[in-house]
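The values are calculated or read from the model by the stated rules, or taken from the named source; none is laboratory data. Not measured: the values here are computed from a predicted model. For neighbour counting, all protein chains shown are included, and Cβ atoms are generated from backbone atoms with ideal geometry for every residue, glycine included. Please note that ligands, DNA and RNA were not included when accessible areas were found on the heavy atoms of the full protein model with its side chains. Shrake-Rupley method; radii C 1.70, N 1.55, O 1.52, S 1.80 Å.
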Amino acid sequence: MIFAVKAIPNWMTIGRILATPVVAVLIWMDSTDFGYALALALFTLASVTDFFDGWIARRLNVVSPLGEMLDPIADKMLIGCALLALANVTKAGWVFLVPALVILLREFMISGLREYLAKRSFSAPVTALAKWKTTAQILAVGFLIGAPAFPVVPFAAETGLVLLWIAAVLTVQTGYGYIREALRHVA
């Protein structure tokens, strides 16, 4: 049965993937009337499913190969597409672009590294610091999406940029950790 309880985590991940282009288009539209608020709502819902899909899968003991493959892809798609869409509309210039590029480049590099290491039967588990990195990225992007939608919230854009820089620093740290660990397994 395709809609069985055990499939809920995978459907949540698939929902996150499907929401990603909608979030990006809504940001790209640069509409303070409704676009940013709807993008923030979808982004928030998708981000919450990032936590719950894995939690439910582990709790119900229904971790699947499909979920293990799709979950990190969905995460990277959501953050990456949101950052690219925000790059189109931001007025922050290099203050936004530098940490966004650091985050995007690290995600590509680590994804390639994980794929290479998987061929050697080595997996790089997600660390606690990597979870903090993801949390900082989600909060940063959320603040940056929400700032135009809710201009009465003081310093929302500035908070988003500070969080983006924190996320970039954590991104470099976790990326370095993965590379250091991987070099031990590369012949």
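The number of residues in the range 6-42 being among the charged types (D, E, K, R) and either crowded, with 17+ Cβ neighbours inside 10 Å or in contact with a Cys (Cβ under 8 Å, 6 or more places away or on another chain) (or both) comes to 1. Hydrophobic (A, V, I, L, M, F, W, C), farther than 24 Å from MET29 by Cβ, open to solvent by 20 Å² or more (accessible area, probe 1.4 Å) and at pLDDT 95 or above: is that true of VAL126 in this structure? No: the conditions fail for VAL126.
Tell me, yes or no, whether the range 50-67 has at least one residue that is open to solvent by less than 30 Å² (accessible area, probe 1.4 Å), among the hydrophobic types (A, V, I, L, M, F, W, C) and farther than 21 Å from ILE179 by Cα. Yes, some residue in the range 50-67 is open to solvent by less than 30 Å² (accessible area, probe 1.4 Å), among the hydrophobic types (A, V, I, L, M, F, W, C) and farther than 21 Å from ILE179 by Cα.
When ILE110 is tested against (1) closer than 21 Å to PHE43 by Cα; (2) open to solvent by less than 30 Å² (accessible area, probe 1.4 Å), just one condition goes unmet, and that condition is (1).
For the range 142-176, the set of residues classified as within 22 Å of GLU115 (Cβ to Cβ) and open to solvent by less than 20 Å² (accessible area, probe 1.4 Å) consists of THR171, THR174, GLY175, listed by residue number.
ALA92 passes every criterion in (1) buried (at least 20 other Cβ atoms within 10 Å of the Cβ); (2) at pLDDT below 95; (3) of a type in the set (A, V, I, L, M, F, W, C) apart from (1). No other residue among LEU117, LEU78, LEU84 is open to solvent by less than 40 Å² (accessible area, probe 1.4 Å), under 24 Å from ALA19 (Cβ atoms), in contact (Cβ under 8 Å) with a residue 24 or more places away in the chain and not acidic (Asp, Glu) apart from LEU78. Based on this model, can you work out whether ALA136 counts as open to solvent by less than 70 Å² (accessible area, probe 1.4 Å), over 13 Å from the mean Cα position of the chain (by Cα) and of a type in the set (Gly, Ala, Ser)? No; evaluated as a whole, the condition is false for this residue.
Considering every residue within the range 40-54, establish whether at least one is closer than 27 Å to GLU158 by Cβ and touching a Phe, Trp or Tyr at 6+ places or on another chain (Cβ under 9 Å). Yes, that holds for at least one residue.
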